[in-house]
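The values are calculated or read from the model by the stated rules, or taken from the named source; none is laboratory data. Quantities reported herein were computed from a predicted structural model and do not represent experimental measurements. All Cβ positions, glycine included, derive from the backbone under ideal geometry; neighbour counts span all protein chains shown.
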Amino acid sequence: MTNQSYFYQFLEPISKELALVARELENSIFTGPRTMLTHARVFVENILQQVIQAEKLPDEQWTNLKERIDLLNENGYLVSDIRDSLHYVRQIGNKAAHDTRAFRYSEALLSWEAVYNIVKWYLEVYGPVDFSVPDYQDPSPRMGKSYDTTEIEVRLKALEKLLISSIQTGKEEPVKVETAAAAERTLSRSELPGFTAIRTLSYKDQIMEVPYFLRDAFLLPQRFSKSETFLIRLGAEQQARIMSELPNNFEGLHKYVKRYSEKNDETFFEELKVFIEEEKNRRKLTIERPGELFFFYKDDYIVVTEELSKIHLTTDEFSAIPSLLRQLNEDQIETVDQLPQELVILAKYANVGIGTVEKLFEQLKGKQI
């Protein structure tokens, strides 16, 4: 998916915002036809708003898509095939927004073709004189991992806000600069599925973004060495067990439990930053190496080969960790392939600290050399 081109990339010099929304529409055709059909309406409506501005026609913010189509048609700016394409995108989009039935890829493809007709007309009439619109191409399903429908919805809504801001008049320069910066951030997030920012967390003057794939991630206390007890206590109060339970602002998080202070809020916030970066690196690894099994320990990992997976968890194979091995065997975990992917989980066993887990990890790594 990295650096993969998209059909409407040719729109970027004319309107980066239009191009980015079109990119997400293309991503959604085979992932969520309903999403594509619903949001195609917003795309073409913004094109019509730009046409109405160019022609200096009256356009109120509460005017809907049908009224904009009628306005342009009544004033002689639409030929019949473009009017029909606009109404098709509008009508099928309205159905997708309200009808609970399953929508087909074929319906999304018909809307995609209608969108092309509208874009081609818009560029030929209102675009640069020397601009040539590429011939229509049917989209192809993306190979490998793709964005899921909910993530595409998040991306589309964010980009549609940028698109709307880009065509509004009377904006002050700081707003335009902020919009441009947000567009650049969106572009940088387009490489891998799951990396779209879903939330922003803050502590005093610090902020961090939570990627989509971590929105409901389990916050294993053992992953936070300085905040482990703090998280266990918060978990007992049904706070901070999963990412979505965290408040947007960490100030005062310690008030949910007794005998903790602002310093614990700050420490947890810093450790959460590290956790998110480690998880990003892990996700990149699993996307780049699909079908492989890994063991993770902090910011390091081991590739679990077939040979390694068959090794028995005995004192003959692993030294200086007898208590851990005994408890694993009691739980019927007898070979390496039965170990959890996240090795710090093993610190749950009696008299097993993080140091013992690290010894196991280093020995596992040594068996691959």
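Would you check if residue 332 is more than 21 Å from residue 365 (Cα to Cα), assigned to a loop (DSSP other than H, G, I, E, B) and among the polar types (S, T, N, Q)?
Yes; evaluated as a whole, the condition is true for this residue.
Tell me whether segment 298-305 contains one or more residues that are under 30 Å from residue 206 (Cβ atoms), surrounded by 15 or more Cβ atoms within 10 Å (Cβ to Cβ) and not assigned by TED's automatic domain parsing to the domain that holds residue 210.
Among the residues of segment 298-305, at least one is under 30 Å from residue 206 (Cβ atoms), surrounded by 15 or more Cβ atoms within 10 Å (Cβ to Cβ) and not assigned by TED's automatic domain parsing to the domain that holds residue 210, which makes the answer yes.
Give segment 328-340 a look and list any residue that's loosely packed, with under 13 Cβ neighbours inside 10 Å and under 22 Å from residue 221 (Cα atoms), or say none.
Answer for segment 328-340, where residues must be loosely packed, with under 13 Cβ neighbours inside 10 Å and under 22 Å from residue 221 (Cα atoms): 331, 338, 340.
Any residue in segment 208-226 that is outside the structural domain of residue 249 (by TED's automatic domain parsing) sitting within a Cβ distance under 7 Å of a residue that is in a strand (DSSP E or B)? List the pairs, counting only those 6 or more apart or interchain.
Hits for this filter: zero, empty list.
Which of the residues that make up segment 311-338 are free of Cβ contacts under 8 Å to residues at least 24 places away in the same chain and on the phi > 0 side of the Ramachandran plot?
If the condition is that a residue be free of Cβ contacts under 8 Å to residues at least 24 places away in the same chain and on the phi > 0 side of the Ramachandran plot, then 332 is the only one that fits.
Residue pairs, Cβ under 8 Å, 6 or more apart or interchain, first in segment 339-358 and in contact (Cβ under 8 Å) with a residue 12 or more places away in the chain and at positive phi, second surrounded by fewer than 14 Cβ atoms within 10 Å (Cβ to Cβ) and not in a loop (DSSP other than H, G, I, E, B). List them.
Every condition considered, the pairs that remain are 351/323.
What pairs can you find where one residue is in segment 86-103 and in the same structural domain as residue 51 (by TED's automatic domain parsing) and over 23 Å from residue 70 (Cα atoms), the other is of a type in the set (Gly, Ala, Ser) and crowded, with 19+ Cβ neighbours inside 10 Å, and their Cβ atoms are less than 6 Å apart, with a gap of 6+ or different chains?
103/96
Which count do you get for residues in segment 121-142 that are in contact with a helix residue (DSSP H, G or I) (Cβ under 9 Å, 6 or more places away or on another chain) and assigned to a helix (DSSP H, G or I)?
Residues that pass the stated criteria total 5.
What residue, of 69, 52, 29, 47, is in contact with a His (Cβ under 7 Å, 6 or more places away or on another chain) and under 20 Å from residue 163 (Cβ atoms)?
Testing whether each residue is in contact with a His (Cβ under 7 Å, 6 or more places away or on another chain) and under 20 Å from residue 163 (Cβ atoms) leaves just 69.
Looking at (1) in contact with a Phe, Trp or Tyr (Cβ under 8 Å, 6 or more places away or on another chain); (2) under 27 Å from residue 192 (Cβ atoms); (3) charged (D, E, K, R); (4) touching a residue at least 40 places away in the same chain (Cβ under 8 Å), which is the one condition that is false for residue 241?
Tallying (1) in contact with a Phe, Trp or Tyr (Cβ under 8 Å, 6 or more places away or on another chain); (2) under 27 Å from residue 192 (Cβ atoms); (3) charged (D, E, K, R); (4) touching a residue at least 40 places away in the same chain (Cβ under 8 Å), residue 241 fails exactly one: (4).
Only residues that are farther than 13 Å from residue 40 by Cβ, surrounded by 15 or more Cβ atoms within 10 Å (Cβ to Cβ) and not basic (Lys, Arg): list them for segment 79-97, please.
If the condition is that a residue be farther than 13 Å from residue 40 by Cβ, surrounded by 15 or more Cβ atoms within 10 Å (Cβ to Cβ) and not basic (Lys, Arg), then 82 is the only one that fits.
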